[in-house]
Amino acid sequence: MREHRCVVVVGAQWGDEGKGKVVDVLADEVDIVARYQGGANAGHTVHVGDAEFILHQIPSGILHPERRCLLGNGVVFDPFQFFEELDAVEARGISAEGRVGVSSRAHLLLPYHKLLDQAAEERRGSGRIGTTGRGIGPAYEDKVARRGLRVADLRDERRAAEMMRAAAGRVSANGYAESLDVDAMVEEVLSLRERLLPLAVDTGRIIDDALRSGERVLLEGAQGALLDVDHGTYPFVTSSNTTAGGACLGVGIGPTSLDAAVGVVKAYTTRVGEGPLVTELESPLQERFREMGGEYGATTGRPRRCGWFDAVVVRYAARVNGLTGLAVTKLDVLDTLPEIRIATGYEIDGRSVDDFPADTSLLETARPTYETVPGWETSTADARRWEDLPERAQRYLERIVELTGVPIWYVSVGTRRDQIIHVSDG
């Protein structure tokens, strides 16, 4: 990591891979940590000693003193949730004074976006996507439709009020007029100006200046590559570009600024909500994985669907992200299993397939081609070096490298900050 000036950390599955912990560990070696997309639908969990922090919008680097934490223009920014989160962090003894900045170009996610999200999901009926209900989709929709309200727009109080009232009309058109007190919302949003506008910055300028002066920058993504609006299992995706290419757009720097991309993957596979999961486990093994791994959403509390490691998915994610290294998390969850499976390919309509198809309907009928390897049936929780891992655990990880074509840089063997193995950092 020390040889790389600008690194992006991305999820290389369907989110919930443990990016928060990986960013927290890497933040010790950088000067700036910046979120580049998503919003309060993210839930990055970090354990420091016995304390647990769940961060939804503030970058995970906030837990490291002196680190500058930025939210880029690619984020849809929920100011109410943000200040609740900021106050909660400071109440636990983490000083954020002078350390946090929000892009002036970031679009605001407001109460009416959540109502529109709810209305859209209800209209889908049995075809629901399974959103978090945090208003992410409608906020990005407003952005693309060029009717969104940005942080910078709050400087003109009159115009900001007009834009919010116009947006509230769409809520009424969807039958939610009684659920939104427009006057109260406008007053509440405008009351945040005094606290929010001093945090408004040009994230691209700050990051570019930092890189030019020799500082190191970490770009933090939310969700995962298979939830990318262009490259994921569409339509069961989020509304932003979660992949490494979105990092440059999301903070305002050029692509030549990036020199490493770390893909975070679980030692197995999980997914929240609707959409295909080719390696999904049958009961009761699914429930066993869920309990062993604590597989419940940090943001929604929803149970995650669990499956074996899918090399097709990670190989695809490696290609669309240009991954230079992997961080494998939750290896310890597999410690008690006598046998472990890895999906090396799919069978679709009687044909062997080793690439990830664009047609989501094909994934619904795909059957995984499995390779079975012996488990190690011993705890890995105390391993701090590669040599400390059981030989069979090493072989399992080496097989992941062979199948994905990406070297492993880090292995996590527990929830705590210190339960990490630095295999290599390129």
(request) Show 157, 398, 295, 187 ordered by accessible area, largest first, where the area counts protein heavy atoms only and the probe is 1.4 Å. (result) 187, 157, 398, 295
(message) Normalised radius of gyration for the stretch 270-426, please: alpha carbon Rg relative to 2.2 N^0.38 Å, two decimal places.
(response) 1.05
(request) With the Cα gyration tensor of the stretch 195-242 in hand, convert its eigenvalues to equivalent ellipsoid semi-axes via √(5λ) and list them largest first in whole Å. (result) 30, 16, 8
(request) Note down the relative contact order for the stretch 260-419 as a percent, whole number, built from C-alpha pairs under 8 angstrom at least six residues apart. (result) 27 percent
(request) Give me the percent of Cα-Cα pairs in the stretch 1-92 that sit more than 24 Å apart, rounded to a whole number. (result) 15 percent
(message) Working only with C-alpha atoms, what are the Rg and Dmax values of the stretch 297-364, expressed in angstrom?
(response) 14.6, 39
(request) Using Cα pairs closer than 8 Å and at least 6 residues apart in sequence, work out the relative contact order for the chain, in percent. (result) 20 percent
(message) From the gyration tensor of the Cα coordinates in the stretch 134-287, what semi-axes in whole Å does the equivalent ellipsoid have, largest first, with each one equal to sqrt(5λ)?
(response) 33, 27, 13
(message) Angle check, please: helix 203-212 long axis (alpha carbons) against the longest principal axis of the chain (alpha carbons), in degrees 0 to 90, nearest 10.
(response) 50 degrees
(message) Restricting to DSSP H runs of at least four residues, report the calculated mean residue ellipticity at 222 nm for the chain, -39500 (n - 2.57) per run over all residues, nearest 500 deg cm²/dmol.
(response) -9000 deg cm²/dmol
(request) Run through every distinct alpha carbon pair of the chain and return the Kirkwood hydrodynamic radius in angstroms, one decimal place. (result) 22.0 Å
(message) Along the Cα→Cβ direction, 7 angstrom out, place labels at residue 339 and residue 377. What is the inter-label distance in nm?
(response) 1.3 nm
(request) For the stretch 166-252, just the Cα atoms, rotate onto the principal axes and tell me the three extents in Å, largest first. (result) 52, 40, 16
(request) Determine, for each peptide in 7-16, 267-276, 94-103, the mean count of other beta carbons within 10 angstrom over its residues, then list the peptides with the highest first. (result) 7-16, 267-276, 94-103
(message) If you average the alpha carbon positions of the stretch 185-211 and of the stretch 32-69, how far apart do those two centres end up, in angstrom?
(response) 18 Å
(message) Taking only the Cα atoms of the stretch 210-277, how large is their convex hull per residue, in Å³?
(response) 96 Å³
(request) Let me know the charge dipole size of the stretch 343-426 about its Cα centre in debye, to the nearest 20, where only the beta-carbon of Lys, Arg (+1) and Asp, Glu (-1) is charged. (result) 300 debye
(request) With viscosity set to 1.306 mPa s and temperature to 10 °C, compute the Stokes-Einstein D of the stretch 41-114, Rh being the Kirkwood radius across alpha carbon pairs; µm²/s, no decimals. (result) 122 µm²/s
(message) How tilted is helix 311-321 with respect to the longest principal axis of the chain? Cα atoms for both, answer in degrees (0 to 90, nearest 10).
(response) 40 degrees
(request) Output the antiparallel fraction of DSSP beta bridges having both residues in the chain, as a percent to the nearest 5. (result) 40 percent
(request) Could you calculate the contour length gain from residue 285 to residue 187, that is, 0.36 nm times the residue separation minus the distance between their Cα atoms, to one decimal place in nm? (result) 30.2 nm
(request) Take the Cβ-Cβ distance between residue 3 and residue 173 as r, set R0 to 35 Å, and report the resulting FRET efficiency rounded to the nearest 0.05. (result) 0.05
(request) First measure r as the distance between the Cβ atoms of residue 353 and residue 385, then evaluate 1/(1 + (r/R0)^6) with R0 = 35 Å and state the FRET efficiency to the nearest 0.05. (result) 0.40
(request) Find how much the distance from residue 83 to residue 96 grows on full extension, using 0.36 nm per residue of separation minus their present alpha carbon separation; answer in nm with one decimal. (result) 3.5 nm
(request) Please give the helix 111-124 orientation as an angle from the longest Cα principal axis of the chain, in degrees from 0 to 90, rounded to the nearest 10. (result) 50 degrees
(request) Averaging sequence separations of C-alpha pairs under 8 Å and six or more residues apart, then dividing by the length of the stretch 216-332, give the relative contact order as a whole percent. (result) 30 percent
(message) What lysines does residue 21 reach when the alpha-carbon gap must be under 30 Å and sequence neighbours fewer than 8 apart in one chain are set aside?
(response) 114, 266, 330
(request) Determine the gain in length on full extension of the stretch residue 147-residue 165; use 0.36 nm per residue of separation and subtract their C-alpha separation, reporting nm with one decimal. (result) 5.3 nm
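The values are calculated or read from the model by the stated rules, or taken from the named source; none is laboratory data. For clarity, every value in this text was computed on a predicted model and none was experimentally measured. Reconstructed Cβ throughout: ideal geometry from the backbone, glycine too, with neighbour counts over all protein chains shown. Surface accessibility is based on the protein's heavy atoms, side chains included, excluding ligands, DNA and RNA. Shrake-Rupley method; radii C 1.70, N 1.55, O 1.52, S 1.80 Å.
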